[in-house]
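Enquirer: Could you have a look at this structure, given as structure tokens, before my questions?
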Amino acid sequence: MGQTVAEKILAAHLVEGELKKGEEIGLRIDQTLTQDATGTMAYLEFEAIGIPRVQTELSVSYVDHNMLQSDFKNADDHIFLQGAARKFGLHFSPPGNGICHQVHLERFGIPGKTLLGSDSHTPTGGGMGMLAMGAGGLDVAMAMAGKPFYLIMPKIYGIKLTGKLQPWVAARDVLLEVLRQLSVKGGVGYIMEYFGPGVAELSLTDRATITNFGAELGATSSLFPSDENTRKYLAAQGREEQWQELVADPDAEYDKVLEIDMSTLEPMIACPSSPDNVVKVSEVAGKPVAQVLIGSCTNSSLRDLTAAAKIMEGREVSRDVSFEINPGSRQALENLTAQGDVMPLLKAGARIHQSGCLGCIGMGQAPPTGMNSLRTFSRNFPGRSGNKGDQVYLCSPEVAAASAIKGVITDPRDLGEYPGFELPATYLPGDERIEKPLSAVEGAKIDIVRGPNIAPFPEFTELPDTWKGKVVLKLEDNITTDHIMPAGAAILPLRSNIPAISEYVFSQVTEDFSADIKAITDTGLFGAVIGGDNYGQGSSREHAALAPRYLGVQVKLVKSFARIHKANLINFGILPLTFVNAEDYDKVQQGSEMVIPGIREAVTSGAETITVEIDGRPVQARCELSSRHREIMAAGGLLNWAR
Ligand code: MIC
Ligand code: SF4
């Protein structure tokens, strides 16, 4: 039987296990990336593993998430990250240089390679035929140490693209349509692989928009074949020699197939407050907007900024709208400037910011109260913008620009003819500020500077023989890591300080989680959290496991987990259990007593179901863990185990 692109890359990188769907496999990782918000922990963890230099072909440390230097915290983090990159042999991309995924695509991505990133949108690299996956910082630290990355062999979801996008319809609309049909959990357990005649109609950055936004499907990764358009893009980046063709065999088989005829798509939009709450723009047209933001790793490439500039040419943004541009990279901004396309944006009234994540992770750019914000970002989870009760819509740069002009949500086709444009055949690289790795000798001389914001890594205890606890919180379906461990200007700067950030765990959903759990742990018990389906979707932030564990949460019992969050829970010794009978969810309440007699024995002996006594009544819970996971759990987490 022929192979898909994903299967070819998996086979070429397999170091443990067999490529059988549903079984654990270990993969060799060629490249890694980290960003500042997850990176400080990742390098503290790498340091704790004790290997002097990264063992990958290439590793890059980016600073893009938190660039608001309102006090020492963030500045301390940047210095720490630069020192760690120099010491351990990484490339370092400083603040202002761009969003990790965009810059990585431009300067480092190579078809056929594996990339592991401590950020859930790492699959952006799949746009050029890499197997690029998001993971927690500790998994990335292990990969930097030369260890395999373990995952459950995913199934392959073939997305067959046919037809061609109509004017004013963009790559973003392709994935909005996929999200509309499949939902935020439609990709769980799958790699989404694009194939069919429509693929050739999409430029490389269009493909990267699709694989990036595919993170919102809950998929393990998303990828496109590497073809002529990939070659052209790498040539424009001055890296043509890194190209190789990589396409699925004609007789490759997919576990599921969804067909999208791109010629039938219309401009789409995700309404508040989930990326899969998708309708046609025409259905919500006319609603007033107060803020329009073009940016984020999903839609801020040179192509997207150029489209916005061409639409703005000779037009003006409504006086009731704050129209802001967050370029994806210095390269995109330099080329936009060289093309002469910054002026039309400025003249139209745009506010142009430095390259980075900015408002996408709530670092500034919060919308006004009760007013609609349109963004070309990837996530509109409640409150993520920095304003509780926010009304955030997600759409293409075309819809964003048209709506900024009109001051109301606008189907861009109402603007008349689409302003066509060509992108340069060769880009200005814009990478002069990226530091190359130092030699091992030079690296060894570096002392990493640790300001007061860099707190030592917490120590955790082993799994006890019998576990006794209480339910601190019971939650519904689709809880995101933004609910568990929010980001934003007040909290993100604490990412390098677990004791400090843990005060904010669940602060989006309950008054004072840390006090509630303290009342429990003070009596010698542990905490448990109960959840619904797709628990922990969204970001890869391991702080959503690490900080609750620090507070004393040691068991999570839910209907189902999102992949990265489950892996993070295991890495920090929180036992992830799922209800055997979903109805048992109704039998547990906040404050319920929970006892798991013989928990250690059950976990280590390979038990697939575990009896949890909830208020004295037995409830069956599934314990889906590999034998490696079980050892990690018993040790109290991956770092303890690795030591
Ligand atoms: C996000 O988009 O949620 C983030 C911020 O990029 C996260 C990483 C983080 O929380 O640091 C992600 O997607 O993994
Ligand atoms: Fe940054 Fe937003 Fe992309 Fe996350 S989704 S990496 S915060 S731009």
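Enquirer: Search the structure for amide H atoms under 5 Å from the amide H of GLN35, placed 1.01 Å from N in the peptide plane, and list their residues when 5 or more places away or on another chain.
Expert: For GLN35, whose amide H was placed from the backbone, the distant partners under 5 Å are TYR62, SER118.
Enquirer: Additional query: Taking only the alpha-carbon positions of the chain and ignoring solvent, what does the Debye formula give for the base-10 log of I(q)/I(0) at q = 0.06, 0.10 Å⁻¹?
Expert: Here log10 of I(q) over I(0) equals -0.30, -0.86.
Enquirer: Semi-axes of region 323-432's equivalent ellipsoid from the Cα gyration tensor, sqrt of 5 times each eigenvalue, largest first, rounded to whole Å?
Expert: Equivalent ellipsoid of region 323-432: 26, 19, 11 Å, largest first.
Enquirer: Let me ask something else about it. Highest first, please rank the peptides 278-286, 34-42, 439-447 by the mean number of other Cβ atoms sitting within 10 Å of their residues.
Expert: Highest to lowest by the protection proxy: 34-42, 278-286, 439-447.
Enquirer: Right, something else. On average over all directions, what projected area in square nanometres does region 57-157 have, based on the convex hull of its Cα atoms?
Expert: Result: 7.1 nm².
Enquirer: Of the trypsin sites (Lys or Arg not before Pro) in region 288-389, which ones lie in a loop per DSSP and count no more than 11 other C-beta atoms within 10 Å?
Expert: Listed in order of number, the matching sites are ARG319, LYS388.
Enquirer: For the ranges 417-427, 170-180, what's the packing order if you count other beta-carbon atoms within 10 Å of each residue, average per peptide, and put the highest first?
Expert: 170-180, 417-427
Enquirer: Based on the alpha-carbon gyration tensor of region 445-576, what equivalent-ellipsoid semi-axes (square roots of 5 times the eigenvalues) come out, in whole Å, largest first?
Expert: That gives 23, 18, 15 Å for the three semi-axes.
Enquirer: LYS21: which lysines have alpha carbons under 19 Å from its alpha carbon, excluding same-chain residues fewer than 8 sequence positions away?
Expert: Partners found: LYS8, LYS155, LYS185, LYS256, LYS566.
Enquirer: Please calculate how many Å² of accessible area region 119-252 carries per residue, with a 1.4 Å probe and no DNA, RNA or ligand atoms counted.
Expert: Heavy-atom SASA per residue in region 119-252 reads 26 Å².
Enquirer: Charges on Cβ only, +1 for Lys and Arg, -1 for Asp and Glu, centred on the Cα centroid of the chain; of LEU265, GLY96, PRO486, which one is farthest towards the dipole's positive end?
Expert: GLY96
Enquirer: Please work out the average accessible area per residue across region 300-386, using the 1.4 Å probe convention, and give it in Å².
Expert: In whole numbers, region 300-386 has 33 Å² accessible per residue.
Enquirer: Here is a follow-up. Treating only the Cβ of Lys, Arg, Asp and Glu as charged (+1, +1, -1, -1), what charge dipole size does the chain show about its Cα centre? Round to the nearest 20 debye.
Expert: I would put it at about 700 debye.
Enquirer: Let me ask something additional. Please report the relative contact order for the chain, taking Cα pairs under 8 Å with a sequence separation of at least 6, and give it as a percent rounded to a whole number.
Expert: 15 percent
Enquirer: Follow-up. For region 248-359, I need the span (max minus min coordinate) of the C-alpha atoms along each principal axis, in Å, sorted largest to smallest.
Expert: Principal axes ranked by extent give 51, 34, 26 Å for the Cα atoms.
Enquirer: Ignoring ligands, DNA and RNA, what percent of the 1.4 Å accessible area of region 295-454 is carbon and sulfur?
Expert: 51 percent
Enquirer: In whole angstrom, note down how far apart the Cα centers of region 1-53 and region 511-554 are.
Expert: After rounding, the separation between the Cα centres reads 27 Å.
Enquirer: Measuring from centroid to centroid over Cα atoms, what is the spacing of region 564-596 and region 605-643 in Å?
Expert: A separation of 10 Å, based on Cα centres.
Enquirer: In whole angstrom, and with the biggest value first, how far do the Cα coordinates of region 153-221 range along each principal axis?
Expert: Over region 153-221, Cα extents along the principal axes are 36, 19, 19 Å.
Enquirer: Whole-Hz ³J(HN,Hα) for each residue in region 338-354, computed from phi via Karplus 6.51 cos²θ - 1.76 cosθ + 1.60 with θ = phi - 60°, x for glycine and proline: what do you get?
Expert: Result, ordered by residue: 4, 6, x, 9, 7, 4, x, 5, 4, 4, 6, x, 6, 9, 9, 9, 6 Hz.
Enquirer: When every alpha-carbon pair in region 171-275 is counted, what percent end up more than 18 Å apart?
Expert: 51 percent
Enquirer: Just the number, please: carbon plus sulfur as a percent of the accessible area of region 1-148, 1.4 Å probe, no ligands or DNA/RNA counted.
Expert: Carbon with sulfur: 49 percent of the solvent-accessible area.
Enquirer: Hey, what's the per residue convex hull volume over the C-alpha atoms of region 495-573, in cubic angstrom?
Expert: Output value, Cα hull per residue: 90 Å³.
Enquirer: Please compute the net charge surrounding SER626, taking Lys and Arg as +1 and Asp and Glu as -1 over other residues with Cβ under 12 Å from its Cβ.
Expert: Combined, the nearby Lys, Arg, Asp and Glu give -3.
Enquirer: Expected output is a single nm value to one decimal: the length gained when fully extending between LEU423 and ARG315, i.e. 0.36 nm times separation in residues minus the C-alpha distance. What is it?
Expert: Computed gain between LEU423 and ARG315 is 36.7 nm.
Enquirer: What residue among ILE446, ALA635, ALA219 has its Cα farthest toward the positive end of the dipole of the chain, where the charges are +1 on Lys, Arg and -1 on Asp, Glu, each on the Cβ?
Expert: Value computed over the given set: ILE446.
Enquirer: Give me the distance between the Cα centres of region 422-488 and region 66-108, rounded to whole Å.
Expert: First find each Cα centre; the distance between them is then 12 Å.
Enquirer: Could you please report the charge total around ILE446, scoring K, R as +1 and D, E as -1 over all other residues with beta-carbon less than 10 angstrom from its beta-carbon?
Expert: Its environment carries a net charge of +1.
Enquirer: So who's got an amide H within less than 5 Å of the one on VAL278, skipping anything under 5 residues away but keeping other chains? H placed 1.01 Å off N, in plane.
Expert: Amide H neighbours of VAL278: CYS271.
Enquirer: Let me ask something else. Counting only helical runs of four or more DSSP H residues, what would the 222 nm mean residue ellipticity of the chain come to if each run contributes -39,500 (n - 2.57) and the total is spread over all its residues?
Expert: -8000 deg cm²/dmol
Enquirer: Find out how many positive minus negative residues lie around GLY591, taking Lys and Arg as positive, Asp and Glu as negative, among other residues whose Cβ is under 10 Å from that of GLY591.
Expert: Net charge in that neighbourhood comes out at -1.
Enquirer: Hey, can you grab everything whose amide H is under 5 Å from the amide H of LEU223? Only 5+ residues off in sequence or another chain; H modelled, so Pro and N-termini drop out.
Expert: Under 5 Å from the amide H of LEU223: MET192, GLU193, TYR194.
Enquirer: Then there is this: Sorted by packing (mean other beta-carbon atoms within 10 Å per residue), highest first, where do 467-475, 605-613, 503-511 land?
Expert: Highest mean packing first, the order is 467-475, 503-511, 605-613.
Enquirer: Please identify which residues in region 610-625 have an amide N closer than 16 Å to a label point set 7 Å out from the Cα of VAL580, following the Cα→Cβ vector.
Expert: Residues 610-614, 617-625 qualify, since their backbone N sits under 16 Å from the label point.
The values are calculated or read from the model by the stated rules, or taken from the named source; none is laboratory data. Just so you know, these numbers come straight off a predicted model, no measurement behind them. Counting neighbours? That spans all protein chains shown, and the Cβs are built from the backbone with ideal geometry, glycine included. In case anyone asks, the SASA skips ligands and DNA or RNA and just uses the protein heavy atoms, side chains included. Shrake-Rupley method; radii C 1.70, N 1.55, O 1.52, S 1.80 Å.
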